[in-house]
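Every read-out reported here was derived from the displayed coordinates using simple, explicitly stated rules and does not represent laboratory data. In this text the structure is predicted, and so the values were computed from the model without any measurement. So basically every Cβ, Gly included, is an ideal-geometry build from the backbone, and we count neighbours across all protein chains shown.
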Amino acid sequence: MRRYFGRKLLTYSITFFVAATIDWMIPRFMPGDPVASLVAKQAGLSSAGATALVQYYNDLFGFQKPIIVQFFDFWAKLLQGDLGLSVYGHGRPVVESIMGALPFTLALLVPAILLSWWAGNSFGAMAARRKWMDNAVLPIGYILTATPYMWLGIVLAFVLGFSLRIFPMSGGYGFNLEPTLSWEFFTDLVAHWIMPFASLFLVMFGGWAIGMRNMVIYELESDYSRYLEALGAPQGLVRKYAFRNAMLPQITGLALQLGVIIGGQLVTEIVFAYPGIGSLLFNAIKSEDYFLLQGIFLFIIIGTLVANFMVDVAYVIVDPRTRVGMRGGTA
Amino acid sequence: MSLQVSDLRVYYRTLAGDVKALDGATFSIADKEIMGLAGESGCGKSTLGNSLIRLDGRMKYVAGSVTLDGNALPIWDNTGMNEFRFRDLSVIPQYAMSAMNPTRKIGKMTGELLESRGENFAAIKPELLRRIDLVGLQRDVLNLYPMELSGGMKQRMVMVISTLLDPSLLIADEITSALDVSTQRAVAETLVSFRDHGFVKSMIVITHDVSILYQIADTILIMYAGKLAEKASTSAIINRPLHPYTRMLVSSLPEVGVRYADKKLSGIPGSPPSLLKPPTGCRFRARCPLAFDKCAEEPPFVEVDTDHWVACWKATGTDA
Amino acid sequence: MSGPASTDPRMESVSGSVDIDKEATAVPAKKAGGEFLYFALRSRKFLFATAILLVLVGFAIFGPMIDTTDPMDTNGVQMSSPTMDAGNWFGTTILGEDVFAQFVNGLRATFFVGLLAGALAAFIGMAIGFTAGYKGGWVDEVLNMITNVVLVLPTLAVLIVISSYLKARGVLFEAVFVGLFSWPWVARAIRAQTFTLRSRDFIDLAKLSGRGTWKIIIQEIAPNMSSYLFMVFILLFGGAILFAASLDFIGLGPTGGMSLGLMMFNSVTYGAALTLGLWWWFIPPGLGIMAIVGALYVMNVGLDEIFNPKLRDI
């Protein structure tokens with residue numbers, strides 16, 4: 001057990017190190033001078049003002065110092081939780097900007113993942129048993145999983161938002177409202193939340209449904225299923241075993257899909273101008289706010305690694321074979 | 001009589017048509033009889049064995065009847081057969097080593113299986129433990145996962161589970177094929193002990209290895225290309241085989257301790273016919289050294305001596 | 001942007017593990033290629049998918065030849081909805097650009113990126129997978145670690161960071177980068193397959209006859225998995241297209257040039273297509289991507305059935 005988790009932690013640590021280093025390296029090794037281009041954006045600067053700004057940025061980024069020093073500085077600041085200041089946020093600490101956007105993102109992401117995983121697996125399992133359901137679920141599933149996240153978002157926004165005017169098309173809540181603990185505000189929040197949620201949910205649902213359907217079929221054809229049936233076990237028992245075994249790869253699948261899901265989250269937020277991490281990232285890109293960009297990136301990395309780790313733990317709990325393997329007991 | 005099979009035909013559906021894997025089997029097995037079922041790969045022995053317990057995948061019942069202990073077995077009816085499975089007839093499958101759910105402890109799985117069949121696990125458990133002792137396994141195997149057992153251990157466990165409810169008929173499908181010789185012997189002896197202890201009444205032991213049958217079977221049924229070739233007591237098959245195919249099969253067996261320096265081991269030249277469009281007449285005709293004109297007509301499976309059945313014109317003394 | 005159902009172990013069950021009951025498949029023997037064609041032409045899924053792909057490829061190749069308008073040319077009437085007039089089949093954008101021209105040119109770019117990225121990812125995945133699976137030992141350990149690290153990285157985030165610093169990005173760049181990060185699942189799957197094949201007798205024979213590692217891999221192991229490798233490529237192709245579309249949609253696609261993702265980006269950001277209801281601008285590109293990727297997935301399933309007889313419907 002220790003060896004298993006030890007390896008996982010090692011992998012994650014290396015990943016984090018690699019990712020953070022990439023993050024640190026990019027502005028320093030890209031062609032061109034990021035500081036100069038930043039300064040060039042500020043139109044109408046006097047040359048004195050420009051020099052001062054260049055000085056300021058260089059200090060901020062530490063570009064004048066030797067590379068090694070820069071590297072250690074970076075890690076020092078990182079471990080203190082200092083991700084720098086956001087230009088887009090008018091000098092707000094990056095961490096603050098991220099924390100402000102995080103609740104919105106989580107409110108979309110977590111329910112979407114959990115509900116789509118549960119619903120997709122259920123439908124997939126049902127489809128594996130009933131032919132008529134399979135004929136419906138399969139094409140729908142493939143279409144959904146082939147749909148680009150942002151496009152579904154756009155289509156939903158268009159149909160439900162523009163044409164039918166049921167839901168608002170952008171923002172996290174109405175522009176005219178202030179965040180308060182009121183019912184009105186809450187319903188407005190939900191109204192803004194529904195379409196991005198539906199968009200994420202549907203695409204993921206398709207993928208899980210297809211995966212589960214395939215897995216259940218595979219398990220129902222396995223030797224242990226055949227044996228149970230040869231001994232006259234009722235379908236209920238056979239299915240129970242098949243479903244439980246089919247779920248295992250779906251759990252690992254969750255970890256594998258995390259990167260993709262996060263990508264989907266990002267673009268969906270952009271479509272709906274939903275004020276989560278995705279929109280923040282988008283704005284950071286547009287305004288070339290490198291600190292914010294880096295901060296968000298590191299944050300995403302950490303979040304992904306944590307989520308991966310949680311899935312690893314969940315898997316060990318659910319699949320008894322992993323524990324047996326670790327005990328060293330095989331024949 | 002324990003088992004009676006009459007003109008059983010089971011085909012396989014394929015894109016190209018029906019493969020006539022089992023084309024008319026008629027035989028019977030008495031109580032306490034261990035019948036070996038032998039033949040080359042593709043002769044239909046697995047089809048026969050499996051069709052009795054469960055029609056799998058592409059198998060399709062075409063004709064024939066099966067009676068066990070006086071009860072007609074509705075082998076074409078999957079749900080109808082459930083009543084008989086495990087209690088009246090059972091199987092030790094070819095895939096015994098992967099027959100147990102890998103993510104369930106063996107004891108738990110057995111319990112759930114029994115309960116689902118309406119048996120009381122607690123009441124049966126003492127007997128289960130006794131039998132585990134009998135086959136030489138540790139009692140704590142019930143607390144283990146299948147992956148913690150060796151191949152041989154898993155097989156023995158499956159043997160115990162399959163016979164737990166004392167079925168009338170046990171079908172053992174190629175259970176020695178994947179084993180080394182000494183384990184083969186141990187498994188074969190275990191099978192016999194099951195019969196002697198009264199756990200099973202009669203058995204069909206399916207294998208392509210006639211030498212095993214020589215050790216444990218009371219009677220042997222030889223199949224060829226979907227048809228029955230010969231059925232007789234083991235000593236009759238080995239010492240006085242009547243069907244040319246049986247004779248060649250038996251003579252191709254090496255004997256332990258005998259040197260074959262002066263004689264070549266005779267295999268049987270040629271290969272079995274396609275069962276998609278089987279030839280008319282005796283199906284062994286093309287490879288048979290004794291074939292003559294009459295063989296263009298299919299020989300019936302008839303009793304030529306007490307409990308000695310053959311499907312061959314030469315053997316029944318019907319010369320053209 | 002979504003990934004394939006790559007957790008499907010059936011995909012890892014194609015080569016060498018087909019233990020068909022001899023009695024069950026007495027199909028008349030044909031040569032390998034002939035048999036493939038026989039089943040391929042009878043597989044509805046395969047034919048359907050191929051048809052759709054051919055139509056879209058046709059659009060991509062011939063579209064720009066039929067409609068020679070420059071996709072960025074803003075001479076057209078602004079915001080006109082689709083008509084049957086030549087040059088306006090898909091309408092125009094807010095700036096008067098011809099949507100059809102954008103669509104067919106974008107298709108070209110999309111196919112190109114998908115193919116290139118898919119091929120690159122396939123190559124890397126195979127190289128790593130075969131080596132790790134065949135060699136084992138510490139080579140395997142190291143390659144495994146690399147695979148795991150790349151696997152865990154949230155690729156889009158990484159590409160965003162890299163791309164946003166670059167001022168000028170070419171199509172080649174995008175394809176290479178997408179390819180550089182899409183291979184981990186391939187490496188894993190191929191490694192697993194190679195492990196099982198490695199212990200087979202014919203490999204021992206090859207080793208005994210003194211063939212070098214790579215020769216054995218290329219001449220003995222890979223051909224055994226050829227059908228699987230092909231399916232892997234198809235999935236990579238589809239995945240790369242989705243990925244590139246996302247990147248384009250954020251505005252980090254190739255600078256200059258047209259792509260389907262870019263069309264969606266433009267329409268939603270400065271084009272205000274949603275508030276103005278210019279549906280002809282964003283529906284076709286998404287539909288195009290969905291059609292390509294969906295067809296590829298269906299083709300993959302169809303191929304699975306063709307190559308693995310157990311799955312065929314009778």
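Once Lys and Arg get +1 and Asp and Glu get -1 on their Cβ, which of C:Phe195, A:Leu164, B:Gly111 lies farthest toward the positive end of the dipole of the protein assembly as shown? Ranked along the dipole, the leading option is C:Phe195.
Dipole magnitude for chain C: computed about the Cα centre from +1 point charges on Lys and Arg Cβ and -1 point charges on Asp and Glu Cβ, it is near 860 debye. Residues A:Val203, C:Val55, arranged from fewest to most other Cβ atoms within 10 angstrom of their Cβ, appear as C:Val55, A:Val203.
Computing FRET efficiency as 1/(1 + (r/R0)^6) for C:Asp201 and A:Leu10, where r is the C-beta to C-beta distance and R0 is 51 Å, gives about 0.85. Among B:220-228, A:245-253, A:180-188, the peptide with the highest mean count of other Cβ atoms within 10 Å heads the list, and the full ranking is B:220-228, A:245-253, A:180-188. Rounded to two decimals, the Cα-based Rg/Rh of region B:73-162, with Kirkwood Rh, is 0.98. Checked against a 31 Å cut-off, the cross-linked pairs B:Lys20/B:Lys105; B:Lys32/B:Lys227; B:Lys20/B:Lys294; A:Lys8/A:Lys286; B:Lys227/C:Lys45 give Cα-Cα distances beyond that limit for B:Lys20/B:Lys105; A:Lys8/A:Lys286; B:Lys227/C:Lys45.
In the calculated pair distance distribution of chain C, what percentage of Cα-Cα distances lie above 24 Å? Of the Cα pairs, 60 percent sit more than 24 Å apart.
Its alpha carbons considered, region C:173-314 gives a radius of gyration followed by a Dmax of 21.1, 71 Å. Residue order for A:Ile68, B:Ile175, fewest other beta carbons within 10 angstrom first, comes to A:Ile68, B:Ile175.
In chain B, one over the average inverse separation of all distinct C-alpha pairs is 20.7 Å, which is the Kirkwood hydrodynamic radius.
Hey, could you get me the Stokes-Einstein D for region A:82-166, Kirkwood radius over alpha-carbon pairs, 4 °C and 1.567 mPa s, rounded to whole µm² s⁻¹? Translational diffusion coefficient: 79 µm²/s.
The convex hull of the Cα atoms of chain A, projected and averaged over all directions, covers 23.9 nm².
Size check on region B:123-249: the Cα extents along the three principal axes, sorted descending, read 51, 28, 24 Å. Diagonalising the gyration tensor over the Cα atoms of region A:147-210 and scaling each eigenvalue by 5 before taking the square root yields semi-axes of 25, 14, 8 Å, largest first. From most to least packed by mean Cβ count within 10 Å, the peptides C:152-162, C:272-282 give C:152-162, C:272-282.
Across region A:147-196, C-alpha contacts under 8 Å between residues 6 or more apart give a mean separation that, scaled by the residue count, equals a relative contact order of 36 percent. Taking region C:39-192, how much of its Cα-Cα pair set, in percent, is spaced more than 26 angstrom apart? The answer is 51 percent, as a whole percent. For region C:186-267, a Kirkwood hydrodynamic radius built from all Cα pairs, placed in the Stokes-Einstein relation at 25 °C and 0.890 mPa s, yields a translational diffusion coefficient of 157 µm²/s. Summing Cβ point charges (Lys, Arg +1; Asp, Glu -1) relative to the Cα centre of the protein assembly as shown gives a dipole of roughly 1520 debye. In region A:122-179, Rg over Rh equals 1.21, where Rg is the alpha-carbon radius of gyration and Rh the Kirkwood radius from pairwise Cα distances. The residue list C:Phe130, C:Leu37, A:Phe74 was ranked by how far each Cα lies along the charge dipole of the protein assembly as shown toward its positive end, using unit charges on Cβ atoms, and C:Phe130 comes out on top. Among the chymotrypsin sites (Phe, Trp or Tyr not before Pro) in region C:178-275, those placed in a DSSP loop whose Cβ has at most 11 other Cβ atoms within 10 Å are C:Tyr270. At the listed q of 0.20 Å⁻¹, the Debye profile of region B:127-184, built from one uniform point per Cα, gives log10 I(q)/I(0) equal to -0.82. Once the Cβ-Cβ distance of A:Arg130 and C:Trp138 is raised to the sixth power relative to R0 = 51 Å, the FRET efficiency obtained is 0.55. With helices as the sole contributors, chain B gives -8000 deg cm²/dmol at 222 nm; each DSSP H run of n ≥ 4 counts as -39500 (n - 2.57), and the sum is divided by every residue.
Can you pull the percent of Cα pairs in the protein assembly as shown with separation above 46 Å? The answer is 42 percent, as a whole percent. Our analysis of region C:83-164 gives Rg over Rh at 1.28, with the two radii drawn from alpha carbon positions and Rh computed by the Kirkwood formula. Classify region B:94-143: rounded, prolate or oblate, from the alpha-carbon gyration tensor (a ≥ b ≥ c, eigenvalue square roots; a/c under 1.5 rounded; otherwise prolate if a/b is larger than b/c)? Oblate, since a/c reaches 1.5 and b/c is not below a/b. Taking every residue in C:142-155 and counting other chain Cβ atoms within 10 Å of its Cβ, the average works out to 6. A convex hull fitted around the alpha carbon atoms of region A:257-331 yields 106 Å³ per residue. Per-residue shielding of C:163-170, expressed as the average number of other chain Cβ atoms within 10 Å of the residue Cβ, stands at 5.
Calculated mean residue ellipticity, 222 nm, chain A: -26500 deg cm²/dmol, from DSSP H runs (n ≥ 4) at -39500 (n - 2.57) each, averaged per residue and rounded to 500. When Lys and Arg each count +1 and Asp and Glu each count -1, what net charge do the other residues less than 15 Å away from B:Arg195, Cβ to Cβ, add up to? Taking every Cβ under 15 Å from that of B:Arg195, the sum is -3.
Averaged over peptide A:317-323, the number of partner chain Cβ atoms lying within 10 Å of each residue's Cβ comes to 2. Taking the Cα centre of region A:235-312 as the origin and placing charges on Cβ (Lys, Arg +1; Asp, Glu -1), which of A:Ala273, A:Ile262, A:Ile251 is farthest toward the positive end of the dipole? Going by the charge dipole, the pick is A:Ile251.
A simple spin-label model places pseudo-atoms 7 Å from Cα toward Cβ; at C:Thr275 and A:Met99 they are separated by 3.3 nm.
In terms of Cα atoms, the Rg and Dmax of region A:198-309 work out to 20.4, 68 Å. As an exercise, use a Förster radius of 56 Å and the Cβ-Cβ distance of B:Glu115 and C:Thr50 to find the FRET efficiency, rounded to the nearest 0.05. Computed FRET efficiency for B:Glu115 and C:Thr50 comes out at 0.65.
Taken along the Cα-to-beta-carbon direction at a fixed 7 Å, the label points for A:Ser287 and A:Asp73 span 2.3 nm.
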